Amino acid sequence: MIEFTMPALGADMDEGTLNEWLVKPGDAVTRGQVVAVVETTKAAVEIECWHDGVVGELLVPIGQTVAVGTPLATLLEAGEQAAPHDAAPVAAPQTRHDQAPPPLSPAVASSPIGHRLWVSPVARRTAASLGVDLTTVTGTGPQGAIILADVEHAAATAHHTEPTPPPSAPAEPKSAAEKAAARGAAMRASIAAAMSHSKREIPHYYLSDEMILDAALGWLTEQNLNRPITDRLLPAVLQLKAVALAAQRFGEFNGFWRDDGFQPATGVHVGVAISLRGGGLVAPAIHDVNEKKLDELMRDLTDLVARARAGSLRSSEMSDPTITVTNLGDKGVDAVFGVIYPPQVALVGFGRPAQRVVVVDGGIRVATTVQASLAADHRASDGHRGALFLAEISRLLQQPHEL
């Protein structure tokens, strides 16, 4: 029997709220299949299963908040039989209040309630703030999902049919703006906690280099001449590919610091820092960037940004980054010096491309350049290797055909 646990979805997450079960006991599942949806302070994240098997028991009910590492369900391997109903129960999940409610019994776990109560994240938050019992709400969304309009209708109906609460009743529910502000504050607190931990525990060192982009931008112009606007390549994909290829060559910048030692990653999964419309940021991964063609990488980047801002990401995208890239050039800053996302050991930043006076081959000319920076963990590498790593990124950007 395998325990399927709440994954760590980034350095700034230590708990999550189970929004949906997409499987039930007895269902066969395969590696990579989405089996649940968990809401964090940043997004509703689709949780993938990383084993083949059959769902044995669902241990956490919908709506419960549990810590990272808490068993969510059990999976039966090939040939394994489910335990009798009167067998000793699996240890109860730990909530953020250190309470231990009993696990779902097989009868409850297999009941249709997990599927009937498909609830959008905003509907669940609104129901909690308005005091609406979701089990009494009829969903009108896809497959009977409860959406925001359903919750608002239920709240309005209750308001007209129930007596006025006594003076000791809870305060009026927060407005949409107040709820958004509260969510934003929670996200900022999570980010602050993770970055404070990073600066406190990781001995950062910083390097920067001015990289000439004329060759890369000229090559991009030629490549985009006959492409429709929707298929054009952006400079960001060249930067991502250059970082990935350099990280493949300089492996000490591509991996994790765990258990007092460096663990090199087997693939190059580049985390992309994405600002969210409501404030805050996430840094989900694009997988195997070093092996992808630029067209595929451009599609992946466009899709990732859209889903991140819609609050729809996958657990592997949140937990797999091996190195992170942040680009603030479109915000007008010349350079950015980031904070490493633990347990990663490096972060590369790019500023605003601009025309500057540079010396090339002993002559002075105007060229388009970008300030690239490296924040690295001194436990895993040193400044000499960091300089070579940045130099390799610069070389690749000046030889775009190699990308």
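Considering Asp231, Asp209, Asp260, which residue is open to solvent by less than 60 Å² (accessible area, probe 1.4 Å) and among the acidic types (Asp, Glu)?
The conditions single out Asp209.
If the Cβ limit is 6 Å and pairs must be 6+ apart or interchain, which residue in region 191-202 that is open to solvent by less than 60 Å² (accessible area, probe 1.4 Å) pairs with which residue that is at pLDDT 90 or above?
Partner pairs satisfying both residue conditions: Met195/Val339; Ser198/Val339; Ser198/Ile340; Ser198/Pro342; Ile202/Ile340; Ile202/Asp377.
Residues of region 107-158 being open to solvent by 30 Å² or more (accessible area, probe 1.4 Å), at pLDDT 75 or above, within 22 Å of Gly16 (Cα to Cα) and not hydroxyl-bearing (Ser, Thr, Tyr), which ones?
Answer for region 107-158, where residues must be open to solvent by 30 Å² or more (accessible area, probe 1.4 Å), at pLDDT 75 or above, within 22 Å of Gly16 (Cα to Cα) and not hydroxyl-bearing (Ser, Thr, Tyr): Ala128, Leu130, Gly131, Asp133.
When both residues are 6+ apart or on different chains and their Cβ atoms are under 6 Å apart, which pairs have a first residue that lies in region 57-78 and is more than 17 Å from Asp27 (Cα to Cα), and a second that is open to solvent by 30 Å² or more (accessible area, probe 1.4 Å) and charged (D, E, K, R)?
Qualifying pairs under 6 Å: Thr65/Glu15; Thr65/Arg96; Ala67/Glu15; Val68/Asp14; Pro71/Glu3.
Could you check Ala372 against (1) under 19 Å from Ile202 (Cβ atoms); (2) crowded, with 21+ Cβ neighbours inside 10 Å; (3) in contact with a Phe, Trp or Tyr (Cβ under 6 Å, 6 or more places away or on another chain) and say which number it fails?
Failed condition: (1).
Does Asp330 fit the bill of being touching a residue at least 60 places away in the same chain (Cβ under 8 Å), assigned to a helix (DSSP H, G or I), more than 27 Å from Val35 (Cβ to Cβ) and of a type in the set (Asp, Glu)?
Details: touching a residue at least 60 places away in the same chain (Cβ under 8 Å): no; assigned to a helix (DSSP H, G or I): yes; more than 27 Å from Val35 (Cβ to Cβ): yes; of a type in the set (Asp, Glu): yes.
So Asp330 fails the test.
Looking at (1) open to solvent by 20 Å² or more (accessible area, probe 1.4 Å); (2) in contact with a Lys or Arg (Cβ under 9 Å, 6 or more places away or on another chain); (3) outside any loop (DSSP other than H, G, I, E, B); (4) of a type outside the set (Asp, Glu), which is the one condition that is false for Arg356?
Every condition holds for Arg356 apart from (2).
How many residues does region 15-43 hold that are in contact with a Cys (Cβ under 6 Å, 6 or more places away or on another chain) and under 19 Å from Gly63 (Cβ atoms)?
So the answer is 1.
Tell me, which helices (runs of 4 or more DSSP H) lie completely within region 224-324 with 2 or more residues that are β-branched (Val, Ile, Thr)?
Because the criterion is at least 2 residues that are β-branched (Val, Ile, Thr), the helices (runs of 4 or more DSSP H) in region 224-324 that meet it are 235-249, 294-309.
The values are calculated or read from the model by the stated rules, or taken from the named source; none is laboratory data. For clarity, every value in this text was computed on a predicted model and none was experimentally measured. We place every Cβ from the backbone using ideal geometry, glycine too, and count neighbours over all the protein chains shown. The accessibility values were calculated without ligands, DNA or RNA, using every heavy atom of the protein model including side chains. Shrake-Rupley method; radii C 1.70, N 1.55, O 1.52, S 1.80 Å.
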